[in-house]
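Enquirer: Take a look at the following structure, please.
Read-outs: derived from the displayed coordinates by stated rules, not from any lab. None of the values given here were measured: they were computed from a predicted structure. Cβ sites come from the backbone with ideal geometry, for glycine too, and all protein chains shown count toward neighbours.
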Amino acid sequence: MDQVLRGSLITRHVKCGKPTCHCATGVGHASLYLSSFYHGKTQMDYVPVIWEQWVRTGLENYEVAQDILSELTELNLELLRRRDNG
C-alpha cells in the first residue's frame, strides 16, 4: 500500500470565460478534485488526469485500511471480553 488518501473525488464543471468556447452555452469543462477534510477545513485539490488512477488507488487503499482496523478492533474487543479475570 504505497498511497493512502482519505476523501472523495469530485467532478466540477467550469466555464473558461471564452465567449466562443462550447462551455459558454454548455455544461463546462470537467475537472477532477480530491475533496478532503483536514484541520477543521474542507480542502479541494485539483487532480490532473495523469494522477487520477493514483488518487483512486489511494482512496481504495484507505477503505481497505479502515476495514482492517475495524476487524482488528473486533478481534481485540473479543479478546478483552474473554480475558481471564483471575
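Enquirer: Would you compute, from DSSP H runs of 4+ residues alone, the mean residue ellipticity of the chain at 222 nm, taking -39500 (n - 2.57) per run and dividing by the full residue count, rounded to the nearest 500? Write down the numbers at each step before the final one.
Expert: Working: 1 runs with 30 residues, N = 86.
Mean residue ellipticity at 222 nm (helix-derived): -12500 deg cm²/dmol.
Enquirer: Something else now. Given 0.36 nm per residue, what is the gain on full extension from Asp2 to Val27 after removing their alpha carbon distance, in nm?
Expert: 5.4 nm
Enquirer: Is any residue of the range 28-57 close enough, with backbone N under 16 Å, to a label point placed 7 angstrom from the Cα of Glu63 along the Cα-Cβ axis, and if so, which?
Expert: Residues 35, 53-57 qualify, since their backbone N sits under 16 Å from the label point.
Enquirer: Evaluate the charge dipole of the range 8-81 about its Cα centre and quote only its size in Debye, nearest 20, assuming +1 on the Cβ of each Lys and Arg and -1 on the Cβ of each Asp and Glu. List each step's numbers first, then the result.
Expert: Numbers: 6 positive and 8 negative charges, 141 e Å.
Charge dipole of the range 8-81: 680 debye, to the nearest 20.
Enquirer: Relative contact order for the chain: what percent, with Cα pairs under 8 Å and sequence separation of 6 or more? Intermediate results must be reported in sequence, preceding the final value.
Expert: Working: 97 pairs, mean separation 24.9, N = 86.
Once divided by the residue count of the chain, the mean separation gives 29 percent.
Enquirer: Dividing the Cα radius of gyration by the Kirkwood radius, what Rg/Rh value follows for the chain? Kindly include the intermediate steps, with their values, before the conclusion.
Expert: Numbers: Rg = 21.0 Å, Rh = 16.3 Å.
Rg divided by Rh gives 1.29.
Enquirer: Of Leu9, Met44, Ala65, which is farthest on the positive side of the dipole of the chain, counting Cα position, with +1 on Lys and Arg Cβ, -1 on Asp and Glu Cβ, and the Cα centre as origin?
Expert: It is Met44.
Enquirer: Something else about it: Work from the charge dipole of the chain (Cβ charges, +1 for Lys and Arg, -1 for Asp and Glu, about the Cα centre) and give the residue of Ser31, Leu80, Pro19 farthest towards its positive end.
Expert: Pro19
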